[in-house]
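Novice: For reference, the structure I am asking about is given below.
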Amino acid sequence: MTGKIYSASTTAPVNIATLKYWGKRDTKLNLPTNSSISVTLSQDDLRTLTTASAAEFFDCDKLWLNGKEESVEGNRIRACFAELRAVRKVLESANPELPALSSYHLHIVSENNFPTAAGVASSAAGFAALVRAIANLFELPQSPEELSRIARQGSGSACRSMFGGYVAWDMGQSDDGSDSRAVQIATQEMWPDMKSVILVVSASKKETSSTVGMQTTVNTSSLFKYRAEVLVPQRFKEMSEAILAKDFETFGRLTMMDSNQFHAVCMDSSPPIFYMNDISRLVVGLIETVNKIYGRVVAAYTFDAGPNAVLYYLEKDEPIVLGLLKAVMPDVDGWNKKPNTASITPTV
Ligand code: 2P0
């Protein structure tokens, strides 16, 4: 059978949290136990490109990731498809001349321009691109904030990739997740001299997935509750204010403190979860030493659910930061040239 194929393509960027999301109060809806903040990286360096197509003659939903067909039976993808189709259906009811795309099957083709296995927030860019591509295909009028609520159901951190610049994910208070969505704190242009670099310490897949790890922490860590209920709300306010004031000293200090505390609650879980390794700890020591020598925050490190480091610094300090990395890690020269040695890619 043949017929018209409707298509739309889009890209979505990677984001790296500076105030970490770790813990769900609702695992089905991906409702977090605390609000979080992230910086969206430049799409020139790291992005997912996704095309969504719909046709009356497609006989089932399909998804290809980096050229390989993947299942679309997961609850998270299903939730995103269902929400987007429901919104499209409302549009079709109000405009009967529109094609009935909400009832057609979808084919999704998605590609990362970075190694998926490198453990660099690929699910965030992936689900953000998936939701935005289908929303474009369906010509939905929803705002990025409203779409972020849908992307959140694919992967929590994906809601933050609906925006560039500095982004907050407001945990919300409701049980249905209607107020758990991302908002932009500031654009990238507002703080143009902010730079980041990713050190790929290991490109191997993490042992404990974020989804499993965070619920282990929620269920077993006694430090976790204090972090989520007392420390993060204070830090959220301070970090938002530091971003708006372009106060790198405070932003960097809070970023490092929050990364260390996130890994502390991981270690306080039972069984303990270790995401950082010896090279990660070497990077921490290096940055702490440089900051001490200069008597200010020259660079700030942060580590997600893996050993890879992301460093934030101001452009004026790039010679110090990259010079130091090159001196200490001479192999640092590009993506994955030597597996399991550090490699860097500077981003904006
Ligand atoms: C973050 N991470 O804020 C934190 C910091 C990892 C460490 O969001 O289960 O892949 O899909 O909602 O979003 C990774 O968790 O988890 C994450 P799900 P997700 O970026």
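The values are calculated or read from the model by the stated rules, or taken from the named source; none is laboratory data. These numbers were taken from a predicted model, which means no experiment stands behind them. A quick note on method: Cβ atoms are made from the backbone with ideal geometry, for glycine too, and the neighbour counts reach across all protein chains shown.
Each row is one residue, and each column tells you yes or no for (1) in contact (Cβ under 8 Å) with a residue 24 or more places away in the chain; (2) aliphatic (A, V, I, L, M).
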{"site": "LEU231", "(1), (2)": "yes, yes"}
{"site": "ALA245", "(1), (2)": "no, yes"}
{"site": "TYR275", "(1), (2)": "yes, no"}
{"site": "VAL283", "(1), (2)": "yes, yes"}
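Novice: So, one more: Output the qualifying pairs, or none if there are none: Cβ atoms under 7 angstrom, residues six or more apart or on different chains, first residue in segment 21-36 and among the aliphatic types (A, V, I, L, M), second residue near the ligand (Cβ under 8 Å from one of its atoms).
Specialist: Sorted first by the residue in segment 21-36, then by its partner, the pairs are LEU31/LYS24.
Novice: Further question on the same structure: Among the residues of segment 210-232, write down those that are more than 16 Å from SER36 (Cβ to Cβ) and either basic (Lys, Arg) or within 11 Å of the ligand (Cβ to nearest atom) (or both).
Specialist: VAL212, GLN215, LYS225
Novice: Of the conditions (1) crowded, with 20+ Cβ neighbours inside 10 Å; (2) more than 16 Å from the ligand (Cβ to nearest atom), TRP64 clears all except one; give me its number.
Specialist: Condition not satisfied by TRP64: (1).
Novice: Which of the residues that make up segment 211-235 are part of a helix (DSSP H, G or I) and surrounded by 21 or more Cβ atoms within 10 Å (Cβ to Cβ)? I'd like the intermediate steps shown before the answer.
Specialist: Let us first name the residues in segment 211-235 that are part of a helix (DSSP H, G or I), namely 211-220, 222-235.
Selection gives MET214, THR217, PHE224, ARG227, ALA228, VAL232, ARG235.
Novice: Continuing with the same structure: Could you tell me whether GLY126 is within 17 Å of the chain's Cα centre (by Cα), within 16 Å of the ligand (Cβ to nearest atom), of a type in the set (Gly, Ala, Ser) and buried (at least 22 other Cβ atoms within 10 Å of the Cβ)?
Specialist: Spelling it out, GLY126 is indeed within 17 Å of the chain's Cα centre (by Cα), within 16 Å of the ligand (Cβ to nearest atom), of a type in the set (Gly, Ala, Ser) and buried (at least 22 other Cβ atoms within 10 Å of the Cβ).
For every residue, the table says whether it meets (1) at negative phi; (2) assigned by TED's automatic domain parsing to the domain that holds LEU41; (3) within 14 Å of the ligand (Cβ to nearest atom); (4) out of contact with any Ser or Thr (no Cβ under 8 Å at 6 or more places or on another chain).
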| residue | (1), (2), (3), (4) |
| --- | --- |
| GLU238 | yes, no, no, no |
| ILE243 | yes, no, no, yes |
| GLU249 | yes, no, no, yes |
| VAL265 | yes, no, yes, no |
| SER280 | yes, no, yes, yes |
| THR289 | yes, no, no, yes |
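Novice: Also, quick follow-up: Given the conditions (1) under 30 Å from THR302 (Cβ atoms); (2) in a strand (DSSP E or B), and given that PHE114 satisfies all but one, which numbered condition is not satisfied?
Specialist: (2)
Novice: Those residues that are more than 10 Å from the ligand (Cβ to nearest atom) and outside any helix (DSSP H, G or I), I need them from segment 142-157; list them, please.
Specialist: GLN142, SER143
Novice: Please go through segment 127-141 and pick out each residue that is within 19 Å of PRO32 (Cβ to Cβ) and either part of a loop (DSSP other than H, G, I, E, B) or modelled with pLDDT under 95 (or both).
Specialist: If the condition is that a residue be within 19 Å of PRO32 (Cβ to Cβ) and either part of a loop (DSSP other than H, G, I, E, B) or modelled with pLDDT under 95 (or both), then no residue fits.
Novice: Then there is this: Take the conditions within 14 Å of the ligand (Cβ to nearest atom) and over 25 Å from PRO271 (Cβ atoms) and apply them to GLY177. Does it pass?
Specialist: yes
Novice: Could you list, in sequence order, the residues of segment 68-94 that are in a helix (DSSP H, G or I) and either within 15 Å of the ligand (Cβ to nearest atom) or of a type in the set (Val, Ile, Thr) (or both)?
Specialist: ASN75, ARG76, ILE77, ARG78, ALA79, CYS80, VAL87, VAL90
Novice: Limited to segment 9-37, what total is found for residues that are farther than 18 Å from ASP179 by Cα, assigned to a strand (DSSP E or B) and either near the ligand (Cβ under 10 Å from one of its atoms) or not assigned by TED's automatic domain parsing to the domain that holds MET171 (or both)?
Specialist: Number satisfying all stated conditions: 5.
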